[in-house]
1. Does Ala85 satisfy being more than 15 Å from the ligand (Cβ to nearest atom) and farther than 19 Å from Cys214 by Cβ?
2. How about region 117-137: which of its residues are more than 10 Å from the ligand (Cβ to nearest atom), assigned to a loop (DSSP other than H, G, I, E, B) and more than 18 Å from the chain's Cα centre (by Cα)?
3. Contact list please: Cβ distance under 9 Å, first residue in region 84-97 and over 9 Å from Ala68 (Cα atoms), second residue among the acidic types (Asp, Glu) and crowded, with 18+ Cβ neighbours inside 10 Å, pairs at least six apart or on different chains.
4. Which fully enclosed helices (runs of 4 or more DSSP H) of region 144-241 have 1 or more residues being under 17 Å from the mean Cα position of the chain (by Cα) and surrounded by fewer than 16 Cβ atoms within 10 Å (Cβ to Cβ)?
5. Take the conditions more than 14 Å from the ligand (Cβ to nearest atom) and surrounded by 16 or more Cβ atoms within 10 Å (Cβ to Cβ) and apply them to Pro140. Does it pass?
6. Residue under question is Arg158, and the condition is that it be near the ligand (Cβ under 6 Å from one of its atoms) and either free of Cβ contacts under 8 Å to residues at least 40 places away in the same chain or β-branched (Val, Ile, Thr) (or both); does it hold?
7. If Ala43 satisfies all but one of (1) within 15 Å of the ligand (Cβ to nearest atom); (2) of a type in the set (A, V, I, L, M); (3) within 19 Å of Arg265 (Cα to Cα), what's the number of the condition it fails?
8. Tally time: how many residues in region 5-21 are over 30 Å from Glu107 (Cα atoms) and either among the aromatic types (Phe, Trp, Tyr) or not in a helix (DSSP H, G or I) (or both)?
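Laboratory data are not the source of any read-out in this text; all were calculated from the coordinates shown. Predicted model only: the values in this text are computed from it and were never measured. Note: ideal-geometry Cβ built from the backbone for every residue, glycine included; neighbour counts use all protein chains shown.
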Amino acid sequence: MATPRVSFEFFPPKSLEGSFKLWETLGILAPLGPDFVSVTYGAGGTTRKLTHDAVTTIDANFGVPVAAHLTCVDATRDDTLEIAAQYAEAGITQIVALRGDPPKGSERFTPHPGGFTSSVELIEALAATGKFNIRVGAYPDMHPEAASMQACVDYLKRKLDAGATSALTQFFFEAEIFFRFRDACAAAGITAPILPGILPIENWPRARRFAAGCGAVIPTWLDDAYDTAIRDGREDLLSTAICTELCTDLIEGGVEHLHFYTLNRPELTRDVCAALGVTPDVALAEVA
Ligand code: FAD
């Protein structure tokens, strides 16, 4: 089996303890030689400065390309483009451009007066600067707001046509879901890379809540497996096995790059990467 390329997503720390955890996580995962790492932008635009600080600190200290997430939420167009301009000035040229989720308490996305009204508008404006490599989100289980799977695929095509170069998917639990989506994208004429998002499950009740929130379908067998594993105190073992199997199925189906949602915890991602042959030694040999 081919060794995959990898990338890792982090969230910006909100406390000193959180900062130490993130630097420790990067200390473990950066040596695996990711193509890039990315830092999220808090729901409702709540981590604007924290995201900027984490992105620039990673860029200065860890020797990995870093992408900053940016959303349309709660900011004017000028403010959003100013954030992007500050990234460009700092030498950060990769952006994950998203419409964004509404702040806690709001059900639906409401554009800020004077703000971007959709991810497509944000992508067009970023692309017009000519300064960024733009990635976007994609939804193999269908975005909860999409009218249909075809609408979801068509909208992804609009985002790529607007100037994005690749897509990172929401997490999903079965390889088949990704392959079906990839086929639908190909049928719609999408040729840009679609990188599957992988969630190593640290905590099943929490992962279940995330899944329910973002529309990821939870297969019954997974619930049953975790019921037993949690009862027997073997949740980590099950998580490593399930995630490794999902990644293996994806690679055998032609996937070359896996994007891990680390939740700022390195252990499961490191163990799964090791099982797939992604180790510090391999990364070093590629550089040599
Ligand atoms: P879009 O692709 O713009 O919209 C999602 C779906 O809604 C579309 O597929 C389409 O079917 C429908 N839709 C939306 N607008 C229109 C329209 N104008 N016309 C027709 N259909 C429309 N959220 C954060 O707040 N911060 C983050 O850092 C963050 N990082 C993420 C990273 C990844 C890889 C992913 C997959 C998601 C991330 N999210 C983040 C969550 C994301 O903001 C939400 O899923 C949000 O609801 C959709 O954003 P989007 O840009 O992907 O959506």
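1. On the way: more than 15 Å from the ligand (Cβ to nearest atom): yes; farther than 19 Å from Cys214 by Cβ: yes.
Yes.
2. Scanning region 117-137 gives Gly130, Lys131.
3. Every condition considered, the pairs that remain are Ala90/Asp59; Gly91/Asp59.
4. It comes to 204-214.
5. No, not satisfied.
6. no
7. (3)
8. 4
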